[in-house]
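**Student:** Following this message is one structure expressed as structure tokens.
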Amino acid sequence: MELPFAESYKIKMVEAIRKSTRKERELWIRDAMYNVFNLSSRQVYIDLLTDSGTGAMSDLQWSAIMQGDESYAGASSYYRLKEVIREITGFRYFLPTHQGRAAENVLFSVLVKEGDIVPGNSHFDTTKGHIEFRKATAVDCTIEEAFDTEAEHPFKGNIDLGKLESVLTSMPREKIPFVIVTITCNSSGGQPVSMENLRAVHKMASRYNIPVVFDAARFAENAWFIKQREMLYRDTDIRDIAREMFTFADAMTMSSKKDGIVNIGGFIGFRDEELYKKASVYNIMFEGYITYGGMSGRDMNALAQGLIEATEFSYLQTRINQVAWLGNRLREFGVPVLQPFGGHAIFVDAKKFLPQIPKEEFIAQTLVVELYKEAGVRSSEIGTLLADRDPVSGENRYPEMELLRLAVPRRVYTNNHMDFVAVALNNIYERREDIRKGYKIIREAPIMRHFTVELEKA
Ligand SMILES: *Cc1c(COP(=O)(O)O)cnc(C)c1O
């Protein structure tokens, strides 16, 4: 008999989690204005709100914490991290920041100005926020297959070279500060970008003399998919794949809360010393001195070790198999899920799940609230709330897809937890026709409203 797949680690420390009753949850979610960000974690049994900063650190990371060097300037922890980043990404220069959006804030302060256009593959919400905050425009150039939830394409994060070229030719060079490639592409479902596409995008951008920036939060998961799905790389080591990926970028921003497997942290990587020096000024202004940015020495140590672990094949296999486990269970139940499965999350197609809810009543959010009430499982909405309003017209932007995202924290839950989540969703699926109404907004912020929006029943 072939040995079954099993995790590449065992558990050394545990944390209790608490179940609740349906009655309790109905009151809690009403008090939270039907926004799961307003729930206390004590009111949640299984928390799949995000895989960001929610991972479990290893014994080696915790021991690295104890060795943190808290010197203000030139701490050994800084050099340790610099060494690992250089080893894994090839970038010679780096700036630590407190998280990914801080890296965007610092880098975009140098590069993005009013009226600019920033093409990319489905920009992440904070990325888009930092672009639009500077009165510039993010243009989505993702391939069309990404918007078809049933299309079986191995690299749904890819950039459509035709779309990209038409943006690059429609604008004067100085209006396009860079092309941004998000790996894996979070907003289109944690979908990977192929090495072939990274190479082609870089080649095209170079022809127009435009730099390429990677939003690299899940670069290790992207490397794993390249190894699985791009024939040429089947026998290539994950770290070699990662390093080759980064040869097609001129700079990178990183949310270390994802593939750094730490609870807080981020950085910017640069090839060009001039750009690094310009960004250093903003880093000092917004984050901290250039050798710690927004991080303590101990955090930089934990991140250095986390990057090493995140690029190990056995870890990635455990991680991505667990996400697929959840996806397969849902598929067996007939629940409509996005395919192929992403690296960090499973996405439920809420439009197919609840076709009776009008888009004005926030279809995906309606399902998020149902799942919480059903089983105390916290998920997130990737739909109209997240898409915000059009900055010019002020109208709601209705995205092509309304998704419920089940983001799986790294090394935190067992496959039994995944089964629990799948059964909870299936229970709702079986009674889906009884859900007749969605929600309406009573209060919202002008930008990134999904974090704080207040809702009531429609
Ligand atoms: C999380 C994330 C960010 C922002 O990082 P934070 O650490 O949350 O500030 C940017 N881009 C992508 C693709 C992300 O997933």
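The values are calculated or read from the model by the stated rules, or taken from the named source; none is laboratory data. Fair warning: this is a prediction, and the values are worked out from it, not measured in the lab. Neighbour counts run over all protein chains shown; Cβ positions are idealised from the backbone, glycine included. The area values use the complete protein model at the heavy-atom level, side chains included, leaving out ligands, DNA and RNA. Shrake-Rupley method; radii C 1.70, N 1.55, O 1.52, S 1.80 Å.
Okay, residues lined up against (1) open to solvent by 10 Å² or more (accessible area, probe 1.4 Å); (2) farther than 22 Å from Met448 by Cα; (3) small (Gly, Ala, Ser); (4) modelled with pLDDT of 95 or more:
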site: Asp116; (1), (2), (3), (4): no, no, no, yes
site: Asp125; (1), (2), (3), (4): yes, no, no, no
site: Ala138; (1), (2), (3), (4): yes, no, yes, yes
site: His153; (1), (2), (3), (4): yes, yes, no, no
site: Ile159; (1), (2), (3), (4): no, yes, no, yes
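**Student:** Right, something else. Only one residue in Leu303, Leu326, Leu338, Leu316 is at pLDDT 95 or above and either touching an Asp or Glu at 6+ places or on another chain (Cβ under 6 Å) or closer than 23 Å to Ala424 by Cβ (or both), so which one is that?
**Tutor:** Values: Leu303 fails: either touching an Asp or Glu at 6+ places or on another chain (Cβ under 6 Å) or closer than 23 Å to Ala424 by Cβ (or both); Leu338 fails: at pLDDT 95 or above; Leu316 fails: either touching an Asp or Glu at 6+ places or on another chain (Cβ under 6 Å) or closer than 23 Å to Ala424 by Cβ (or both).
Only one candidate qualifies: Leu326.
**Student:** Would you pick out the residues in segment 284-308 that are open to solvent by 40 Å² or more (accessible area, probe 1.4 Å) and over 13 Å from Gly266 (Cα atoms)?
**Tutor:** Passing the criteria: Ile284, Met285, Phe286, Tyr289, Arg298, Ile308.
**Student:** Report yes if Arg30 is touching a residue at least 24 places away in the same chain (Cβ under 8 Å), charged (D, E, K, R) and not assigned by TED's automatic domain parsing to the domain that holds Lys257, otherwise no. Give the derivation first.
**Tutor:** Working: touching a residue at least 24 places away in the same chain (Cβ under 8 Å): no; charged (D, E, K, R): yes; not assigned by TED's automatic domain parsing to the domain that holds Lys257: yes.
No; evaluated as a whole, the condition is false for this residue.
**Student:** I would also like to ask the following. What do you reckon, is Tyr413 over 18 Å from Thr366 (Cα atoms), crowded, with 17+ Cβ neighbours inside 10 Å and of a type in the set (Ser, Thr, Tyr)?
**Tutor:** So Tyr413 fits the description; yes.
**Student:** Please find, within segment 326-349, the residue that is surrounded by the fewest Cβ atoms within 10 Å (Cβ to Cβ) out of those that are among the charged types (D, E, K, R) and over 14 Å from Phe147 (Cα atoms). Full working, then the answer.
**Tutor:** Within segment 326-349, the subset among the charged types (D, E, K, R) is 329, 331-332, 349.
Then keep just the ones that are over 14 Å from Phe147 (Cα atoms); that gives 329, 331-332.
On the way: Arg329: 21, Arg331: 16, Glu332: 10.
Within segment 326-349, the match that is surrounded by the fewest Cβ atoms within 10 Å (Cβ to Cβ) is Glu332.
**Student:** Looking only at residues that are without any contact (Cβ under 8 Å) to a residue 60 or more places away in the chain and under 24 Å from Ser41 (Cβ atoms) in segment 1-18, which one is surrounded by the fewest Cβ atoms within 10 Å (Cβ to Cβ)?
**Tutor:** Ala16
**Student:** Here is a follow-up. Please verify whether Ala387 is open to solvent by 10 Å² or more (accessible area, probe 1.4 Å) and aliphatic (A, V, I, L, M), treating the condition exactly as stated.
**Tutor:** Taking the combined requirement at face value, the residue satisfies it.
**Student:** For Asp240, are the conditions met, namely being within 26 Å of Phe178 (Cα to Cα) and open to solvent by 40 Å² or more (accessible area, probe 1.4 Å)?
**Tutor:** The answer is yes for Asp240.
**Student:** Something else: Taking into account only those residues within segment 19-59 that are under 18 Å from Arg410 (Cβ atoms) and loosely packed, with under 14 Cβ neighbours inside 10 Å, which is nearest to the chain's Cα centre (by Cα)?
**Tutor:** The selected residue is Ser41.
**Student:** Is it the case, given these coordinates, that Phe91 is at pLDDT 95 or above and either in a helix (DSSP H, G or I) or within 16 Å of the ligand (Cβ to nearest atom) (or both)?
**Tutor:** Considered against the rule, which asks whether it is at pLDDT 95 or above and either in a helix (DSSP H, G or I) or within 16 Å of the ligand (Cβ to nearest atom) (or both), Phe91 comes out as no.
**Student:** Just one of the numbered conditions (1) of a type in the set (A, V, I, L, M, F, W, C); (2) open to solvent by less than 40 Å² (accessible area, probe 1.4 Å); (3) without any contact (Cβ under 8 Å) to a residue 40 or more places away in the chain is not true of Val392; which one?
**Tutor:** (2)
**Student:** Out of segment 60-93, which residues are of a type in the set (Asp, Glu), farther than 14 Å from Ile290 by Cα and exposed (fewer than 14 other Cβ atoms within 10 Å of the Cβ)?
**Tutor:** Glu83
**Student:** Considering every residue within segment 215-230, establish whether at least one is within 16 Å of the ligand (Cβ to nearest atom), charged (D, E, K, R) and open to solvent by 10 Å² or more (accessible area, probe 1.4 Å).
**Tutor:** yes
**Student:** Kindly establish whether Ala324 is touching a Leu at 6+ places or on another chain (Cβ under 6 Å) and of a type outside the set (Asp, Glu).
**Tutor:** no
**Student:** If I filter segment 258-268 for residues that are away from the ligand (no atom under 16 Å from the Cβ) and either at pLDDT 95 or above or surrounded by fewer than 20 Cβ atoms within 10 Å (Cβ to Cβ) (or both), do I get at least one hit?
**Tutor:** Initial filter on segment 258-268 (away from the ligand (no atom under 16 Å from the Cβ)): none.
Within segment 258-268, none of the residues are away from the ligand (no atom under 16 Å from the Cβ) and either at pLDDT 95 or above or surrounded by fewer than 20 Cβ atoms within 10 Å (Cβ to Cβ) (or both).
So that you can scan it fast, the table gives a plain yes or no per residue for (1) without any contact (Cβ under 8 Å) to a residue 60 or more places away in the chain; (2) in contact with a Pro (Cβ under 6 Å, 6 or more places away or on another chain); (3) not basic (Lys, Arg):
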site	(1), (2), (3)
Thr184	no, yes, yes
Met195	yes, no, yes
Lys203	yes, no, no
Ser206	yes, no, yes
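**Student:** Looking at (1) basic (Lys, Arg); (2) more than 22 Å from Cys185 (Cα to Cα); (3) touching a strand residue (DSSP E or B) at 6+ places or on another chain (Cβ under 8 Å); (4) without any contact (Cβ under 8 Å) to a residue 60 or more places away in the chain, which is the only condition Arg397 fails?
**Tutor:** Evaluating Arg397 over (1) basic (Lys, Arg); (2) more than 22 Å from Cys185 (Cα to Cα); (3) touching a strand residue (DSSP E or B) at 6+ places or on another chain (Cβ under 8 Å); (4) without any contact (Cβ under 8 Å) to a residue 60 or more places away in the chain leaves (2) as the failure.
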